[in-house]
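Here the structure comes first, spelled out in structure tokens, and everything after it is commentary.
The values are calculated or read from the model by the stated rules, or taken from the named source; none is laboratory data. These numbers come from a predicted model, not from an experiment. No Cβ is skipped: glycine too gets one built from the backbone with ideal geometry, and neighbour counts run over all protein chains shown. Protein only, heavy atoms only, side chains kept; ligands, DNA and RNA dropped before computing areas. Shrake-Rupley method; radii C 1.70, N 1.55, O 1.52, S 1.80 Å.
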Amino acid sequence: IYSWNMLFRNKELDRAFEFISHADFDIFCLQEVPEEFLKRLQTLHYFIAFRIDVERLLKGGTAHIFLVIISRFPITAQGEIPYPDYWPLLPLRARLFVQLMPSRFFSKIRNRNGLYVDISTAERMSMRVFNLHLILAQSAWRLKEFEMAMIKHDKARPTIVCGDFNTLQKPHITLLNWILGGHASDALFYNRERTHIEKRFVEHKLTNALAGGITHPLSQSQLDHILVSHSFTIKNAEVLSDRVGSDHHPIRVEVE
């Protein structure tokens, strides 16, 4: 299983396509896939599902960015998890921050979603795979979005949850939690969100295969996750060193 936020403004798309097409995967979850790159992924000889990850409202127009799940096995069903529009709820400081920052980093957004699919294999009963990209704003909204996705989770069913959860857990970066609408305590108690979300993983009988890993160099945090239900045995888990043009490292987990 691979998961990777490939970055919507990735400038190494040829190398990214080479990386994905030659990876030895059964399931590959991608976040922030540019619309033109999605068309290239659709040429691969695999089963594929996609939904809008987010629409970025830029000066030159609207950028449509996608969540994608690629599978070696048949995808028998799929669905989306619509997230709320938080822009009207943001305080003035957050709106000013977004407007003053370069649009390649922050912009007004809309139409955010999560994606899930059912995959059928010969070895197991049908499994459910989630691909999530949680909001980069206050931590309470991220936890809420995770729980919205878990409404579609059956604890008795083999489950894989991939994605960029944007969980900030270091003192130099959690100031963003306050700037983007949270309380001052969301910045000061920098490891609180990690503690809370790890408890949610336990409640949903999911194992964080890369717990303690750093997947995003700037934040020095584990933003990217592959969670697996207890029906799987984790054989290997790693953060790949080559970011292939993204600000996130790809991650990989082998299970049986």
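Applying a 10 Å radius around every beta-carbon, put 218-228, 90-100 in order of their mean neighbour count, most first.
218-228, 90-100
With +1 on each Lys and Arg Cβ and -1 on each Asp and Glu Cβ, and nothing else charged, work out how big the dipole of the chain is about its Cα centre, in Debye to the nearest 20.
Roughly 700 debye for the chain.
In terms of the Cα gyration tensor, with a ≥ b ≥ c the square roots of its eigenvalues, is the stretch 5-160 rounded because a/c is under 1.5, prolate because a/b exceeds b/c, or oblate?
On the way: a/c = 2.70, a/b = 1.37, b/c = 1.97.
Oblate, since a/c reaches 1.5 and b/c is not below a/b.
Please list the three semi-axes, largest first and in whole Å, of the ellipsoid equivalent to the stretch 102-256, using sqrt of 5 times the eigenvalues of its alpha carbon gyration tensor.
Working: eigenvalues 144, 59, 48 Å².
Taking √(5λ) for each eigenvalue gives 27, 17, 16 Å, largest first.
With equal scatterers on the alpha carbons only and no solvent term, can you work out the Debye log10 of I(q)/I(0) for the stretch 102-177 at 0.20, 0.26, 0.27 1/Å?
-0.93, -1.26, -1.31
Computing the accessible area with a 1.4 Å probe over protein heavy atoms, can you report the carbon and sulfur percentage for the chain?
54 percent
Taking every DSSP beta bridge that has both residues in the stretch 1-126, what percent is antiparallel when rounded to the nearest 5?
The antiparallel proportion sits near 85 percent.
Under unit Cβ charges (Lys, Arg +1; Asp, Glu -1), what dipole magnitude, rounded to 20 debye, does the stretch 8-51 have relative to its Cα centre?
160 debye
Could you provide, to the nearest whole Å², the per residue accessible area of the chain with probe 1.4 Å?
Spelled out: the 1.4 Å probe surface of the chain, per residue, equals 46 Å².
In this model, which of Lys11/Lys39; Lys155/Lys235; Lys59/Lys144; Lys155/Lys199; Lys39/Lys152 are farther than 23 Å apart at the alpha-carbon?
Exceeds cut-off: Lys59/Lys144; Lys39/Lys152.
So, R0 is 30 Å and r is the distance between the beta-carbons of Leu175 and Ala23; what FRET efficiency does that work out to, to 0.05?
On the way: r = 35 Å, r/R0 = 1.18.
Once rounded, the FRET efficiency stands at 0.25.
Which shape class applies to the stretch 10-92: rounded if a/c is under 1.5, otherwise prolate when a/b exceeds b/c and oblate if not, where a ≥ b ≥ c are the square roots of the Cα gyration tensor eigenvalues?
It is oblate, given that a/c is not under 1.5 and a/b is not larger than b/c.
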